[in-house]
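Q: Below you'll find the structure I mean.
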């Protein structure tokens, strides 16, 4: 997997970024997820946990 940082916008003299996590197709297929689904994210024991919303 890969974490991608993208510049979202400039506001005044500040830059704002968004981050994308690229999940391999085989994991998406195993989970039965489809594009456009709402997901929930939490941090537990210093780990990112993502689940269907």
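The values are calculated or read from the model by the stated rules, or taken from the named source; none is laboratory data. Given the structure is predicted, the values throughout are model-derived calculations rather than measurements. Cβ coordinates were reconstructed from backbone atoms using ideal geometry, including for glycine residues, and neighbour counts include every protein chain displayed.
Q: Here is a list of conditions, (1) surrounded by 10 or more Cβ atoms within 10 Å (Cβ to Cβ); (2) modelled with pLDDT of 95 or more, and residue 52 meets all of them except one; can you say which number that is?
A: Answer for residue 52: the failing condition is (2).
Q: A further question follows. Which one is nearest to residue 53 (Cα to Cα) among residues in segment 24-33 that are under 14 Å from the mean Cα position of the chain (by Cα) and in a loop (DSSP other than H, G, I, E, B)?
A: Result: 33.
Q: Of all residues in segment 9-19, count the ones that are closer than 22 Å to residue 53 by Cβ and either surrounded by 10 or more Cβ atoms within 10 Å (Cβ to Cβ) or touching a residue at least 24 places away in the same chain (Cβ under 8 Å) (or both).
A: Applying the first criterion (closer than 22 Å to residue 53 by Cβ) to segment 9-19 yields 18-19.
With the extra rule that they be either surrounded by 10 or more Cβ atoms within 10 Å (Cβ to Cβ) or touching a residue at least 24 places away in the same chain (Cβ under 8 Å) (or both), the set shrinks to 18.
Of the residues in that region, 1 qualify.
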